[in-house]
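Just below is one structure, and these are the notes that go with it.
We did not get these values from a lab; they are worked out from the coordinates using the rules stated. No experiment lies behind these values; they were computed from the predicted model shown. Heads up, the Cβs are rebuilt from the backbone with ideal geometry, glycines too, and the neighbour counts pull from every protein chain shown.
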Amino acid sequence: MLTVAPGVYHADTEQGTAILNTRTGQWLSLAPAATQVWREALRHGSVDGLADRIAVPAGLDPAATQAAVARCVAALLEHGVLIDVARPVARRRRRWWR
C-alpha cells in the first residue's frame, strides 16, 4: 500500500503538484501526468489499473503506459516522498559523526 512518507507535504497547482520533503529539504514539481499517478497512489494506496484507465481512452499502448506508471512510482519511492507500507523499509546506515 502506497502512502505519503512522514515529513512530506504536497499541494496541487494549476501546472501539477508541488511536493516538499522536509527531511531532505528537496522540492519536487510533478507534471500533470505524474500528478495523476501521485493522486491515484494517495487516493487508493495503489496504482493498479491506472495504466488501462489512461491508455484505453487515449488510444495508447497499455503495456507502455504501465511501464511509465511503474517508473513514476519507482521515482517517487526513490525520492522518499512515497513509501510502500507493505514492504519492509531498508534503513540506510548513518555515520556516527553525522
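Things to note:
- Taking Lys and Arg as +1 and Asp and Glu as -1, the other residues whose beta-carbon sits under 13 Å from that of ALA33 total +2.
- Estimated distance in nm for a label pair at LEU20 and ARG71, the labels positioned 7 Å out from Cα along Cα-to-Cβ: 3.0 nm
- Nearest-ten-degree value, helix 62-78 long axis tilted from longest Cα axis of the chain: 10 degrees
- Reported value for the stretch 36-87: 75 Å³ per residue, from the convex hull of its C-alpha atoms.
- Helix 32-44 vs. the chain, principal-axis angle (Cα, 0 to 90°, nearest 10): 70 degrees
- FRET efficiency for TRP97 and VAL56, using Cβ-Cβ distance with R0 set to 41 Å, rounded to 0.05: 0.15
- The convex hull built on the alpha-carbon positions of the chain has an orientation-averaged projected area of 7.2 nm².
- Across the options LEU42, GLY59, TYR9, the greatest Cα extent toward the positive end of the charge dipole of the chain (unit charges at beta carbon of Lys, Arg, Asp, Glu) belongs to TYR9.
- Dividing the mean sequence gap of close Cα pairs (under 8 Å, 6+ apart) by how many residues the chain holds gives a relative contact order of 29 percent.
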